[in-house]
Amino acid sequence: MRVRNALARGLGLVALAAGTLVGVAAAPAAAAPDCIVIKNIEYYSGAIYADADWFCYSTGQSTPWPVAIQRQDAAGNWVTLASGTGSATYACVGTATKTYRTGSTVKDRSVTAACG
C-alpha cells in the first residue's frame with residue numbers, strides 16, 4: 001500500500017512538472033503594438049496640410065511625429081516641399097493637378113489636388 005501511494009505521488013509530481021513545462025512553452029503570442037503613427041494629408045483653400053502623431057492606446061497620449069509633404073517631379077522622383085514635427089504646410093503655386101504624399105512608407109497618405 002505504501003509503495004503504491006508513493007508511486008502515485010511520484011507520478012503526480014512528474015505530471016505536475018510536465019504540465020508546468022508545457023505551460024511555459026505555450027505562452028500566448030506577443031500582443032499587438034500599443035502605439036502607432038497616425039498621418040493625414042489634405043488640400044484646403046489653396047494649401048496642402050499634413051500632420052502626424054505617435055499615439056499610444058494604453059495611455060491615450062499623442063506626441064507630434066515628423067511629417068513631410070512630397071510631390072512627384074517630372075522624372076518620377078518624390079521631392080520634399082515642406083516638413084515639420086507634428087504638422088507641415090505647403091502653399092499651392094499654380095492650378096495643375098498633382099499628387100502629394102506624407103512619405104514613402106506603406107501607411108503614408110496621399111491627396112490629389114489642383115495645387116500645381
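Every residue, every condition in (1) in contact with a Pro (Cβ under 7 Å, 6 or more places away or on another chain); (2) closer than 13 Å to Ala50 by Cα; (3) in contact (Cβ under 8 Å) with a residue 24 or more places away in the chain, yes or no:
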residue	(1), (2), (3)
Gln70	no, yes, yes
Asp73	no, no, no
Gly76	no, no, no
Gly94	no, no, no
Lys98	no, no, yes
Thr105	no, no, no
Ser110	no, yes, yes
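Which ones in the stretch 45-59 are loosely packed, with under 13 Cβ neighbours inside 10 Å and among the aromatic types (Phe, Trp, Tyr)?
Looking only at the stretch 45-59, we keep the residues that are loosely packed, with under 13 Cβ neighbours inside 10 Å, and these are 45-46, 57-59.
Within the stretch 45-59, just Tyr57 meets the criteria.
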Taking the residues in the stretch 53-67 that are out of contact with any Asp or Glu (no Cβ under 9 Å at 6 or more places or on another chain) and part of a strand (DSSP E or B) as candidates, determine which candidate is farthest from Tyr100 (Cα to Cα). Phe55
Tell me, yes or no, whether the stretch 19-39 has at least one residue that is within 17 Å of Ala113 (Cβ to Cβ), in contact with a Ser or Thr (Cβ under 6 Å, 6 or more places away or on another chain) and at pLDDT 95 or above. no
Within the stretch 83-110, count every residue that is loosely packed, with under 15 Cβ neighbours inside 10 Å, farther than 19 Å from Thr63 by Cα and not β-branched (Val, Ile, Thr). 5
Do we have any residue at all in the stretch 60-69 that's surrounded by fewer than 17 Cβ atoms within 10 Å (Cβ to Cβ) and among the aliphatic types (A, V, I, L, M)? no
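The values are calculated or read from the model by the stated rules, or taken from the named source; none is laboratory data. Just so it is clear, the model here is predicted, and its values are computed rather than measured. All Cβ positions, glycine included, derive from the backbone under ideal geometry; neighbour counts span all protein chains shown.
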